[in-house]
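Enquirer: Pasting in a structure now, in C-alpha coordinates, and then I'll have a few things to ask.
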Amino acid sequence: MNPSKEFVDGWTIAQTLGEGAYGEVKLLINSHSGDAVAMKMVDLKKHPDAINSVKKEVAIQRNLQHVNILKFFGKRSQGDTEFIFLEYASGGELFDRIEPDVGMNPADAQRYFRQLLSGVEYLHEKGIAHRDLKPENLLLDEHDNIKISDFGMATMFRMKGRERLLTTKCGTLPYVAPEVLSKPYAAVPADIWSCGIILVTLLSGELPWDQPTTNCIEYLAWESNNYQSRSPWTKLNTLAISLLRKILAVEPEQRLTLSNIMQHRWCMQKIKQPDDDLDVTDSGTNEPHRNKRLCSNQNLMGSNTDDSLSRMCLSQPMPSVNYSVSDVSGDCEAPNNASTYGDRISFCFSQPTMMDDMLLCTQMNATQCANPFQRLVKRMTRFCVTTSFDETVQKLTDALEKLGFKYKTHDENLLTIMTTDRRKADLIFKATLLEMDGKIMLDFRLSKGCGLDFKRGFIKIRETLTKEGIVAKIPTAFAFASILEK
(Lines give C-alpha, C1' and ligand atoms only; values in the text may rest on other atoms or scores of the structure.)
Protein backbone atom coordinates (compact mmCIF):
# COMPACT_ATOMS: atom_id res chain seq x y z
CA MET A 1 0.00 0.00 0.00
CA ASN A 2 1.42 3.32 -1.02
CA PRO A 3 1.59 5.81 1.84
CA SER A 4 -0.66 8.84 1.61
CA LYS A 5 0.97 12.20 0.91
CA GLU A 6 -0.01 15.56 2.32
CA PHE A 7 -0.99 18.15 -0.28
CA VAL A 8 -1.43 21.14 2.03
CA ASP A 9 -1.86 21.36 5.77
CA GLY A 10 -4.67 19.05 6.78
CA TRP A 11 -5.38 17.71 3.29
CA THR A 12 -3.99 14.34 2.25
CA ILE A 13 -3.78 12.81 -1.24
CA ALA A 14 -5.45 9.48 -0.63
CA GLN A 15 -5.35 7.91 -4.09
CA THR A 16 -5.37 8.47 -7.85
CA LEU A 17 -8.89 8.57 -9.27
CA GLY A 18 -7.96 8.68 -12.92
CA GLU A 19 -5.48 9.79 -15.55
CA GLY A 20 -5.68 11.42 -18.93
CA ALA A 21 -3.82 13.24 -21.65
CA TYR A 22 -2.76 16.16 -19.48
CA GLY A 23 -2.42 14.75 -15.98
CA GLU A 24 -4.08 12.95 -13.13
CA VAL A 25 -7.08 13.32 -10.85
CA LYS A 26 -6.31 12.81 -7.17
CA LEU A 27 -8.63 12.31 -4.23
CA LEU A 28 -7.99 14.68 -1.33
CA ILE A 29 -9.22 13.90 2.17
CA ASN A 30 -9.22 16.27 5.11
CA SER A 31 -7.40 14.41 7.88
CA HIS A 32 -9.48 16.08 10.59
CA SER A 33 -13.04 16.07 9.23
CA GLY A 34 -12.91 13.35 6.58
CA ASP A 35 -14.23 15.73 3.92
CA ALA A 36 -13.16 14.90 0.38
CA VAL A 37 -12.64 16.63 -2.95
CA ALA A 38 -11.27 15.65 -6.36
CA MET A 39 -8.21 17.50 -7.66
CA LYS A 40 -7.12 17.63 -11.28
CA MET A 41 -3.36 18.10 -11.65
CA VAL A 42 -2.12 19.49 -14.98
CA ASP A 43 1.63 19.81 -15.57
CA LEU A 44 1.92 22.77 -17.95
CA LYS A 45 5.67 22.28 -18.38
CA LYS A 46 5.07 18.76 -19.66
CA HIS A 47 1.91 19.77 -21.55
CA PRO A 48 2.25 23.43 -22.64
CA ASP A 49 -0.62 22.96 -25.12
CA ALA A 50 -2.96 22.50 -22.15
CA ILE A 51 -2.71 26.10 -20.94
CA ASN A 52 -5.59 27.48 -23.01
CA SER A 53 -7.63 24.32 -22.55
CA VAL A 54 -7.44 24.63 -18.77
CA LYS A 55 -8.35 28.32 -18.89
CA LYS A 56 -11.36 27.61 -21.05
CA GLU A 57 -12.62 24.69 -19.00
CA VAL A 58 -12.30 26.67 -15.77
CA ALA A 59 -13.94 29.79 -17.26
CA ILE A 60 -16.94 27.72 -18.36
CA GLN A 61 -17.42 25.48 -15.36
CA ARG A 62 -16.92 28.12 -12.65
CA ASN A 63 -20.20 29.77 -13.71
CA LEU A 64 -22.29 26.60 -13.59
CA GLN A 65 -24.58 25.91 -10.65
CA HIS A 66 -27.06 23.10 -11.24
CA VAL A 67 -28.05 20.00 -9.33
CA ASN A 68 -27.15 17.77 -12.31
CA ILE A 69 -23.79 19.35 -13.12
CA LEU A 70 -20.57 18.56 -11.30
CA LYS A 71 -19.58 21.41 -9.01
CA PHE A 72 -16.45 23.44 -9.57
CA PHE A 73 -14.80 24.60 -6.34
CA GLY A 74 -11.77 26.54 -7.53
CA LYS A 75 -8.31 26.56 -9.05
CA ARG A 76 -4.82 26.97 -7.67
CA SER A 77 -1.54 27.54 -9.50
CA GLN A 78 1.76 26.30 -8.11
CA GLY A 79 4.80 26.65 -10.32
CA ASP A 80 4.09 24.87 -13.61
CA THR A 81 1.20 22.88 -12.18
CA GLU A 82 -2.48 23.82 -12.27
CA PHE A 83 -4.77 22.32 -9.63
CA ILE A 84 -8.51 22.26 -10.33
CA PHE A 85 -10.80 21.32 -7.44
CA LEU A 86 -14.05 19.55 -8.24
CA GLU A 87 -16.88 17.76 -6.55
CA TYR A 88 -16.17 14.07 -6.05
CA ALA A 89 -19.09 12.05 -7.40
CA SER A 90 -19.07 9.13 -5.01
CA GLY A 91 -21.57 7.09 -7.02
CA GLY A 92 -19.12 6.52 -9.86
CA GLU A 93 -19.88 6.61 -13.58
CA LEU A 94 -23.27 6.00 -15.13
CA PHE A 95 -21.68 3.27 -17.24
CA ASP A 96 -21.28 1.27 -14.05
CA ARG A 97 -25.03 0.66 -14.14
CA ILE A 98 -25.13 -0.56 -17.74
CA GLU A 99 -24.82 -4.27 -18.40
CA PRO A 100 -23.32 -5.00 -21.84
CA ASP A 101 -25.93 -6.11 -24.37
CA VAL A 102 -28.67 -5.78 -21.73
CA GLY A 103 -28.77 -2.21 -20.49
CA MET A 104 -30.68 -1.43 -17.31
CA ASN A 105 -34.17 -1.33 -15.92
CA PRO A 106 -36.26 1.14 -17.99
CA ALA A 107 -37.37 2.97 -14.84
CA ASP A 108 -33.74 3.72 -13.98
CA ALA A 109 -33.01 4.69 -17.59
CA GLN A 110 -35.93 7.08 -17.60
CA ARG A 111 -34.89 8.76 -14.35
CA TYR A 112 -31.27 9.17 -15.45
CA PHE A 113 -32.38 10.44 -18.87
CA ARG A 114 -34.66 13.06 -17.35
CA GLN A 115 -31.84 14.30 -15.14
CA LEU A 116 -29.50 14.41 -18.15
CA LEU A 117 -32.01 16.52 -20.07
CA SER A 118 -32.39 18.87 -17.13
CA GLY A 119 -28.64 19.46 -16.92
CA VAL A 120 -28.23 19.89 -20.70
CA GLU A 121 -31.16 22.30 -20.83
CA TYR A 122 -29.42 24.43 -18.18
CA LEU A 123 -26.17 24.42 -20.17
CA HIS A 124 -27.93 25.50 -23.34
CA GLU A 125 -29.74 28.29 -21.49
CA LYS A 126 -26.28 29.52 -20.45
CA GLY A 127 -25.12 29.37 -24.09
CA ILE A 128 -22.81 26.41 -23.46
CA ALA A 129 -22.50 23.27 -25.59
CA HIS A 130 -20.92 20.25 -23.90
CA ARG A 131 -19.97 18.42 -27.14
CA ASP A 132 -18.86 15.20 -25.48
CA LEU A 133 -21.96 13.82 -23.80
CA LYS A 134 -21.65 10.09 -23.15
CA PRO A 135 -22.30 7.78 -20.19
CA GLU A 136 -18.74 7.91 -18.84
CA ASN A 137 -19.01 11.69 -18.60
CA LEU A 138 -22.17 11.31 -16.53
CA LEU A 139 -21.30 10.68 -12.91
CA LEU A 140 -23.52 9.77 -9.97
CA ASP A 141 -23.59 11.36 -6.55
CA GLU A 142 -24.23 9.62 -3.25
CA HIS A 143 -27.98 9.86 -3.88
CA ASP A 144 -27.69 8.22 -7.30
CA ASN A 145 -28.31 11.46 -9.20
CA ILE A 146 -26.68 12.44 -12.49
CA LYS A 147 -23.74 14.87 -12.49
CA ILE A 148 -22.60 16.04 -15.94
CA SER A 149 -18.79 16.27 -15.99
CA ASP A 150 -15.76 16.73 -18.24
CA PHE A 151 -16.08 20.15 -19.85
CA GLY A 152 -12.80 19.90 -21.74
CA MET A 153 -14.60 20.02 -25.09
CA ALA A 154 -17.30 22.48 -24.06
CA THR A 155 -17.63 25.85 -25.77
CA MET A 156 -19.79 28.96 -25.83
CA PHE A 157 -22.16 29.04 -28.79
CA ARG A 158 -24.28 31.99 -27.67
CA MET A 159 -23.08 35.33 -26.33
CA LYS A 160 -25.24 38.43 -25.79
CA GLY A 161 -28.11 36.74 -27.58
CA ARG A 162 -26.15 35.94 -30.72
CA GLU A 163 -25.55 32.33 -31.70
CA ARG A 164 -22.81 30.98 -33.89
CA LEU A 165 -22.31 27.73 -35.75
CA LEU A 166 -19.52 25.46 -34.52
CA THR A 167 -16.92 23.97 -36.82
CA THR A 168 -14.63 21.78 -34.74
CA LYS A 169 -15.01 18.04 -35.17
CA CYS A 170 -14.76 16.76 -31.63
CA GLY A 171 -16.46 14.30 -29.33
CA THR A 172 -16.71 10.52 -29.23
CA LEU A 173 -17.55 8.98 -32.60
CA PRO A 174 -20.51 6.73 -31.67
CA TYR A 175 -22.16 9.65 -29.83
CA VAL A 176 -21.53 12.55 -32.22
CA ALA A 177 -24.25 13.85 -34.52
CA PRO A 178 -23.69 13.24 -38.26
CA GLU A 179 -23.46 16.95 -39.08
CA VAL A 180 -20.54 17.38 -36.66
CA LEU A 181 -18.40 15.27 -39.00
CA SER A 182 -19.38 17.01 -42.21
CA LYS A 183 -20.23 20.71 -41.89
CA PRO A 184 -20.63 23.70 -39.56
CA TYR A 185 -23.25 22.67 -37.06
CA ALA A 186 -25.68 24.11 -34.54
CA ALA A 187 -24.71 23.33 -30.96
CA VAL A 188 -28.09 22.50 -29.45
CA PRO A 189 -29.29 19.72 -31.82
CA ALA A 190 -25.80 18.17 -31.77
CA ASP A 191 -25.95 17.77 -27.98
CA ILE A 192 -29.53 16.50 -28.25
CA TRP A 193 -28.39 13.78 -30.66
CA SER A 194 -25.80 12.63 -28.12
CA CYS A 195 -28.54 12.42 -25.48
CA GLY A 196 -30.46 10.10 -27.79
CA ILE A 197 -27.48 7.77 -28.23
CA ILE A 198 -27.06 7.70 -24.45
CA LEU A 199 -30.71 6.64 -24.09
CA VAL A 200 -30.20 3.78 -26.58
CA THR A 201 -27.20 2.61 -24.55
CA LEU A 202 -29.09 2.78 -21.26
CA LEU A 203 -31.98 0.71 -22.61
CA SER A 204 -30.05 -1.84 -24.67
CA GLY A 205 -26.49 -2.06 -23.37
CA GLU A 206 -25.01 -1.45 -26.79
CA LEU A 207 -24.25 1.35 -29.19
CA PRO A 208 -26.35 1.54 -32.37
CA TRP A 209 -23.35 2.25 -34.63
CA ASP A 210 -19.64 2.99 -34.58
CA GLN A 211 -20.08 6.35 -36.27
CA PRO A 212 -22.92 8.16 -38.08
CA THR A 213 -21.41 8.08 -41.56
CA THR A 214 -22.42 6.61 -44.90
CA ASN A 215 -19.78 3.88 -44.69
CA CYS A 216 -21.41 2.45 -41.55
CA ILE A 217 -24.05 -0.18 -42.40
CA GLU A 218 -25.88 0.15 -39.08
CA TYR A 219 -26.24 3.91 -39.45
CA LEU A 220 -27.36 3.62 -43.08
CA ALA A 221 -30.09 1.20 -41.98
CA TRP A 222 -31.35 3.79 -39.49
CA GLU A 223 -31.11 6.61 -42.00
CA SER A 224 -33.07 4.62 -44.62
CA ASN A 225 -35.70 3.51 -42.09
CA ASN A 226 -34.66 -0.12 -42.54
CA TYR A 227 -33.55 -0.79 -38.97
CA GLN A 228 -36.50 -2.71 -37.51
CA SER A 229 -34.93 -6.17 -37.57
CA ARG A 230 -31.58 -5.00 -36.24
CA SER A 231 -30.19 -4.79 -32.73
CA PRO A 232 -30.42 -2.69 -30.57
CA TRP A 233 -33.80 -1.59 -31.92
CA THR A 234 -35.32 -5.05 -31.47
CA LYS A 235 -34.72 -4.68 -27.71
CA LEU A 236 -36.73 -1.46 -27.41
CA ASN A 237 -40.48 -1.02 -27.16
CA THR A 238 -42.54 1.01 -29.62
CA LEU A 239 -42.84 4.05 -27.39
CA ALA A 240 -39.07 4.30 -26.83
CA ILE A 241 -38.39 3.93 -30.55
CA SER A 242 -40.96 6.62 -31.39
CA LEU A 243 -39.05 9.01 -29.12
CA LEU A 244 -35.66 8.03 -30.53
CA ARG A 245 -36.81 8.48 -34.12
CA LYS A 246 -37.51 12.12 -33.26
CA ILE A 247 -34.29 12.66 -31.30
CA LEU A 248 -32.04 10.89 -33.78
CA ALA A 249 -33.49 12.60 -36.83
CA VAL A 250 -30.74 12.87 -39.42
CA GLU A 251 -31.55 16.50 -40.19
CA PRO A 252 -30.82 18.61 -37.07
CA GLU A 253 -33.74 20.96 -37.81
CA GLN A 254 -36.16 18.03 -37.43
CA ARG A 255 -34.99 16.91 -33.99
CA LEU A 256 -37.19 17.44 -30.99
CA THR A 257 -36.30 20.28 -28.65
CA LEU A 258 -35.37 19.41 -25.09
CA SER A 259 -38.71 20.67 -23.77
CA ASN A 260 -40.60 18.54 -26.29
CA ILE A 261 -38.52 15.50 -25.39
CA MET A 262 -39.43 15.98 -21.74
CA GLN A 263 -43.12 16.10 -22.70
CA HIS A 264 -42.96 12.91 -24.77
CA ARG A 265 -45.09 10.03 -23.51
CA TRP A 266 -42.04 7.85 -22.83
CA CYS A 267 -40.55 10.48 -20.53
CA MET A 268 -43.90 11.24 -18.87
CA GLN A 269 -45.10 7.69 -18.26
CA LYS A 270 -44.70 6.03 -14.87
CA ILE A 271 -42.46 3.00 -15.28
CA LYS A 272 -42.61 0.47 -12.48
CA GLN A 273 -39.36 0.14 -10.55
CA PRO A 274 -38.72 -3.44 -9.38
CA ASP A 275 -38.05 -3.91 -5.69
CA ASP A 276 -34.39 -4.30 -4.85
CA ASP A 277 -33.52 -5.70 -1.44
CA LEU A 278 -30.01 -6.80 -2.34
CA ASP A 279 -27.01 -5.49 -0.43
CA VAL A 280 -24.56 -6.40 -3.19
CA THR A 281 -25.04 -6.96 -6.92
CA ASP A 282 -22.54 -8.05 -9.55
CA SER A 283 -24.12 -6.56 -12.64
CA GLY A 284 -24.66 -2.96 -11.70
CA THR A 285 -28.21 -3.14 -13.09
CA ASN A 286 -30.12 -3.01 -9.82
CA GLU A 287 -27.38 -1.82 -7.57
CA PRO A 288 -28.33 -0.06 -4.33
CA HIS A 289 -27.32 3.55 -3.67
CA ARG A 290 -23.69 4.20 -2.86
CA ASN A 291 -22.35 5.07 0.55
CA LYS A 292 -23.01 8.69 1.43
CA ARG A 293 -20.30 11.18 2.25
CA LEU A 294 -19.86 14.41 4.04
CA CYS A 295 -19.79 17.87 2.48
CA SER A 296 -18.74 20.99 4.34
CA ASN A 297 -16.86 24.28 4.04
CA GLN A 298 -13.07 24.00 4.11
CA ASN A 299 -10.26 25.92 2.40
CA LEU A 300 -7.45 23.89 0.87
CA MET A 301 -6.44 26.14 -1.97
CA GLY A 302 -3.89 28.21 -0.05
CA SER A 303 -2.78 31.76 -0.74
CA ASN A 304 -2.41 31.19 -4.49
CA THR A 305 -6.12 30.76 -5.06
CA ASP A 306 -8.31 32.56 -7.56
CA ASP A 307 -11.55 31.06 -6.26
CA SER A 308 -12.93 29.95 -2.93
CA LEU A 309 -14.28 26.52 -2.20
CA SER A 310 -17.95 26.94 -1.42
CA ARG A 311 -18.18 23.45 0.02
CA MET A 312 -16.21 20.25 0.06
CA CYS A 313 -17.98 17.36 -1.52
CA LEU A 314 -17.17 14.04 -2.78
CA SER A 315 -14.46 13.70 -9.94
CA GLN A 316 -14.13 12.48 -12.98
CA PRO A 317 -10.96 11.21 -14.57
CA MET A 318 -9.17 13.63 -16.85
CA PRO A 319 -10.68 13.29 -20.34
CA SER A 320 -8.34 11.54 -22.74
CA VAL A 321 -8.37 14.13 -25.51
CA ASN A 322 -5.66 16.32 -26.97
CA TYR A 323 -6.60 19.76 -28.22
CA SER A 324 -6.07 23.42 -27.47
CA VAL A 325 -8.33 26.44 -27.50
CA SER A 326 -7.84 30.13 -28.07
CA ASP A 327 -10.34 31.58 -25.62
CA VAL A 328 -13.58 30.84 -23.84
CA SER A 329 -15.76 32.35 -26.53
CA GLY A 330 -14.03 30.61 -29.41
CA ASP A 331 -14.36 27.08 -30.68
CA CYS A 332 -11.67 24.61 -29.66
CA GLU A 333 -9.29 23.70 -32.41
CA ALA A 334 -8.97 19.94 -32.60
CA PRO A 335 -6.74 17.77 -34.74
CA ASN A 336 -8.36 15.44 -37.24
CA ASN A 337 -8.12 12.55 -34.81
CA ALA A 338 -9.57 14.48 -31.89
CA SER A 339 -12.66 12.29 -31.72
CA THR A 340 -12.25 9.78 -28.94
CA TYR A 341 -13.70 6.40 -28.15
CA GLY A 342 -12.62 5.99 -24.57
CA ASP A 343 -15.71 4.56 -22.89
CA ARG A 344 -14.87 3.56 -19.35
CA ILE A 345 -17.32 1.06 -17.93
CA SER A 346 -16.99 -1.55 -15.29
CA PHE A 347 -18.56 -4.12 -13.05
CA CYS A 348 -19.80 -3.16 -9.62
CA PHE A 349 -18.28 -4.81 -6.58
CA SER A 350 -18.15 -3.97 -2.92
CA GLN A 351 -14.52 -4.65 -2.07
CA PRO A 352 -12.02 -1.88 -1.42
CA THR A 353 -8.50 -2.22 -2.76
CA MET A 354 -6.62 -0.86 0.24
CA MET A 355 -7.09 1.27 3.27
CA ASP A 356 -6.30 4.33 1.13
CA ASP A 357 -9.64 3.65 -0.57
CA MET A 358 -11.62 4.49 2.57
CA LEU A 359 -13.71 7.60 3.09
CA LEU A 360 -16.08 8.81 5.73
CA CYS A 361 -19.83 8.41 5.43
CA THR A 362 -22.31 11.23 5.33
CA GLN A 363 -22.88 12.89 8.68
CA MET A 364 -19.99 11.06 10.28
CA ASN A 365 -16.71 12.62 11.29
CA ALA A 366 -13.40 10.82 11.55
CA THR A 367 -14.00 9.64 15.10
CA GLN A 368 -17.58 8.48 14.51
CA CYS A 369 -16.85 6.29 11.49
CA ALA A 370 -15.11 3.48 13.31
CA ASN A 371 -16.26 0.63 11.08
CA PRO A 372 -13.82 0.39 8.13
CA PHE A 373 -16.59 -0.79 5.79
CA GLN A 374 -18.48 2.43 6.46
CA ARG A 375 -15.49 4.29 5.02
CA LEU A 376 -15.60 2.29 1.79
CA VAL A 377 -15.02 4.11 -1.46
CA LYS A 378 -16.41 2.19 -4.39
CA ARG A 379 -13.93 1.06 -7.01
CA MET A 380 -14.98 -0.95 -10.05
CA THR A 381 -13.96 -4.00 -12.07
CA ARG A 382 -12.39 -6.03 -9.35
CA PHE A 383 -12.65 -9.35 -7.61
CA CYS A 384 -10.83 -11.33 -4.95
CA VAL A 385 -9.05 -14.63 -5.48
CA THR A 386 -8.15 -17.46 -3.14
CA THR A 387 -4.64 -18.06 -4.47
CA SER A 388 -1.28 -16.73 -3.27
CA PHE A 389 0.31 -13.72 -4.94
CA ASP A 390 2.71 -15.68 -7.16
CA GLU A 391 0.06 -18.23 -8.08
CA THR A 392 -2.40 -15.44 -8.93
CA VAL A 393 0.12 -13.84 -11.30
CA GLN A 394 0.63 -17.18 -13.03
CA LYS A 395 -3.09 -17.91 -13.29
CA LEU A 396 -3.82 -14.43 -14.63
CA THR A 397 -1.11 -14.51 -17.30
CA ASP A 398 -2.20 -18.01 -18.33
CA ALA A 399 -5.76 -16.72 -18.72
CA LEU A 400 -4.62 -13.74 -20.78
CA GLU A 401 -2.64 -15.99 -23.12
CA LYS A 402 -5.60 -18.34 -23.43
CA LEU A 403 -7.88 -15.45 -24.39
CA GLY A 404 -5.38 -14.07 -26.89
CA PHE A 405 -4.65 -10.90 -24.93
CA LYS A 406 -1.14 -9.47 -25.03
CA TYR A 407 0.29 -8.17 -21.79
CA LYS A 408 3.29 -6.42 -20.35
CA THR A 409 4.45 -6.44 -16.75
CA HIS A 410 5.65 -3.17 -15.20
CA ASP A 411 6.46 -4.36 -11.70
CA GLU A 412 5.50 -7.28 -9.54
CA ASN A 413 1.87 -6.22 -9.16
CA LEU A 414 0.94 -4.26 -12.33
CA LEU A 415 0.18 -5.56 -15.81
CA THR A 416 -0.88 -3.69 -18.95
CA ILE A 417 -3.27 -5.77 -21.08
CA MET A 418 -3.53 -5.07 -24.80
CA THR A 419 -6.08 -6.24 -27.35
CA THR A 420 -8.51 -4.68 -29.85
CA ASP A 421 -12.16 -3.76 -29.57
CA ARG A 422 -14.94 -4.59 -32.00
CA ARG A 423 -13.90 -1.67 -34.19
CA LYS A 424 -10.36 -3.11 -34.38
CA ALA A 425 -9.15 -0.12 -32.40
CA ASP A 426 -6.66 -0.47 -29.57
CA LEU A 427 -8.13 -1.61 -26.26
CA ILE A 428 -5.76 -1.20 -23.34
CA PHE A 429 -6.42 -1.72 -19.66
CA LYS A 430 -4.38 -2.34 -16.54
CA ALA A 431 -4.61 -5.05 -13.91
CA THR A 432 -3.24 -4.39 -10.45
CA LEU A 433 -2.70 -7.13 -7.89
CA LEU A 434 -3.28 -5.88 -4.37
CA GLU A 435 -2.51 -7.68 -1.15
CA MET A 436 -4.90 -6.77 1.64
CA ASP A 437 -4.95 -8.50 4.98
CA GLY A 438 -3.64 -11.73 3.50
CA LYS A 439 -5.99 -11.70 0.53
CA ILE A 440 -5.32 -10.94 -3.15
CA MET A 441 -7.52 -8.61 -5.14
CA LEU A 442 -7.39 -8.09 -8.91
CA ASP A 443 -8.32 -4.53 -9.85
CA PHE A 444 -8.84 -3.62 -13.54
CA ARG A 445 -8.95 -0.11 -15.04
CA LEU A 446 -9.47 0.97 -18.63
CA SER A 447 -6.71 3.06 -20.19
CA LYS A 448 -7.80 3.31 -23.81
CA GLY A 449 -10.57 2.03 -26.06
CA CYS A 450 -14.25 1.15 -26.00
CA GLY A 451 -15.66 0.78 -22.52
CA LEU A 452 -18.27 -1.80 -23.49
CA ASP A 453 -15.55 -4.00 -24.95
CA PHE A 454 -13.39 -3.38 -21.88
CA LYS A 455 -16.22 -4.71 -19.76
CA ARG A 456 -16.68 -7.69 -22.07
CA GLY A 457 -12.95 -8.43 -21.82
CA PHE A 458 -13.05 -8.12 -18.05
CA ILE A 459 -15.94 -10.58 -17.88
CA LYS A 460 -14.01 -13.07 -20.03
CA ILE A 461 -11.02 -12.86 -17.71
CA ARG A 462 -13.17 -13.25 -14.63
CA GLU A 463 -15.05 -16.20 -16.11
CA THR A 464 -11.79 -17.91 -17.11
CA LEU A 465 -10.41 -17.57 -13.59
CA THR A 466 -13.74 -18.66 -12.13
CA LYS A 467 -13.47 -21.90 -14.10
CA GLU A 468 -10.04 -22.33 -12.52
CA GLY A 469 -11.83 -22.23 -9.17
CA ILE A 470 -9.83 -19.34 -7.73
CA VAL A 471 -12.37 -16.46 -7.71
CA ALA A 472 -13.61 -15.80 -4.20
CA LYS A 473 -17.29 -15.36 -3.50
CA ILE A 474 -18.21 -11.68 -3.05
CA PRO A 475 -18.64 -11.16 0.68
CA THR A 476 -21.56 -9.36 2.23
CA ALA A 477 -20.99 -5.93 3.71
CA PHE A 478 -20.82 -7.29 7.22
CA ALA A 479 -18.52 -10.16 6.35
CA PHE A 480 -16.16 -7.84 4.51
CA ALA A 481 -16.20 -5.35 7.34
CA SER A 482 -15.08 -8.18 9.60
CA ILE A 483 -12.24 -8.98 7.23
CA LEU A 484 -11.06 -5.38 7.33
CA GLU A 485 -11.25 -5.18 11.08
CA LYS A 486 -8.99 -8.20 11.63
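The values are calculated or read from the model by the stated rules, or taken from the named source; none is laboratory data. Please read these numbers as outputs of a predicted model, since none were measured by experiment. Glycine gets a Cβ as well: all are built from the backbone with ideal geometry, and neighbour counts include every protein chain shown. When the accessible area is computed, the model is the full protein with side chains, heavy atoms only, and any ligands, DNA or RNA have been set aside. Shrake-Rupley method; radii C 1.70, N 1.55, O 1.52, S 1.80 Å.
Enquirer: The stretch 74-139 to the stretch 50-73: how many Å between their Cα centroids?
Expert: Value for the Cα centre distance between the two parts: 13 Å.
Enquirer: Shifting gears a bit: Beyond a 19 Å Cα-Cα separation, which of these cross-linked pairs lie in this structure: K134/K448; K26/K406; K408/K448?
Expert: K26/K406
Enquirer: Shifting gears a bit: Under a straight-distance cross-link criterion of Cα-Cα below 17 Å, which lysines are reachable from K439, leaving out those fewer than 8 residues away in the same chain?
Expert: Those lysines meeting the cut-off are K395, K473, K486.
Enquirer: Probe radius 1.4 Å, ligands and nucleic acids ignored: give me the carbon and sulfur share of the accessible area of the stretch 217-270 as a rounded percent.
Expert: Carbon-and-sulfur percentage of accessible area, whole number: 49.
Enquirer: Students often check this: by mean Cβ neighbours within 10 Å, which of 187-195, 143-151 ranks highest, and how do the rest follow?
Expert: So the peptides 187-195, 143-151, ranked by packing, come out 187-195, 143-151.
Enquirer: So with the 1.4 Å probe, I'd like the accessible area per residue for the stretch 388-431, rounded to whole Å².
Expert: 60
Enquirer: How much of the accessible area of the stretch 1-150, in percent, comes from carbon and sulfur atoms when a 1.4 Å probe is used?
Expert: In the stretch 1-150, the share of accessible area belonging to carbon and sulfur is 47 percent.
Enquirer: Which value, in Å², gives the accessible area per residue of the stretch 162-272 when a 1.4 Å probe is used on the protein heavy atoms?
Expert: That works out to 45 Å² for each residue.
Enquirer: Also, quick follow-up: Taking a 21 Å limit on the Cα-Cα distance, which of the listed pairs K45/K71; K126/K147; K424/K455; K56/K126 fall beyond it?
Expert: As for pairs spanning more than 21 Å Cα to Cα, those are K45/K71.
Enquirer: Output needed: percent of Cα pairs per 10 Å distance bin for the stretch 79-215, bins running from 0 to the one holding the longest distance.
Expert: P(r) for the stretch 79-215, in whole percents per bin: 12, 40, 33, 14, 1.
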